[in-house]
Amino acid sequence: MDKIKEFTHFDNNGKAKMVDVSKKEDTLRIAAARGYIILNSQIIKKIRENQIQKGDVLAVAKIAGINAAKKTWELVPLCHQIRLTGIDIDFEISDSENKIISVSTIKGYDKTGVEMEALTSVALSLITIYDMCKAVSKKMIIGGIELIKKTGGKSDYEKNS
């Protein structure tokens, strides 16, 4: 049982629990995450020219990512509901790699961080791109979803390039 005490999401009986953050100070928390979807050049061309039948792919993917960040606490079982103060999602199209990169930056003022919100928003924005483009081709790959920066709370983090 001593090993279990090292994990914050387990109680003394080894059962899952939500961490109690009530004694922590509210601070500004910022996290950024990124990921990508590899598509073929035909799909990228259709996205650029707004010729995907379902509509403006990147605009819809952005809204999906924003909604995902706001609902992360409902999707990830042990996440806290956080007061989000800002959500920004940007897309970069790399023609040379046939790739769209999604970068999500989340801000919140609370007792715990917003890393899961950033990761979730990237994942759902990419899944939405897949959903909107699958009629053209299902040969798409989603990957590389990672935390790239976190500030606020006990420690800061920045991924080395």
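Remarks
- Taking the criterion of being among the aromatic types (Phe, Trp, Tyr) and either in contact with a Cys (Cβ under 7 Å, 6 or more places away or on another chain) or farther than 16 Å from residue 144 by Cα (or both), no residue of the stretch 83-102 qualifies.
- Restricting 97, 49, 25 to residues that are at pLDDT 95 or above, out of contact with any Ser or Thr (no Cβ under 8 Å at 6 or more places or on another chain) and over 17 Å from residue 133 (Cα atoms) narrows the list to 97.
- Matching residues, the stretch 18-38, being in contact (Cβ under 8 Å) with a residue 12 or more places away in the chain and in a loop (DSSP other than H, G, I, E, B): 18, 19, 21, 22, 24, 25, 26
- If you filter the stretch 110-138 down to residues that are under 18 Å from the mean Cα position of the chain (by Cα) and hydroxyl-bearing (Ser, Thr, Tyr), you find that the one that is farthest from residue 38 (Cα to Cα) is 112.
- In the stretch 43-161, counting only helices (runs of 4 or more DSSP H) that sit wholly within it, the ones holding 3 or more residues that are surrounded by 17 or more Cβ atoms within 10 Å (Cβ to Cβ) span 57-70, 115-133.
The values are calculated or read from the model by the stated rules, or taken from the named source; none is laboratory data. Note that the structure is a prediction, hence the values are computed from the model and not measured. Please note: Cβ atoms are built from the backbone with ideal geometry, for glycine as well, and neighbour counts cover all protein chains shown.
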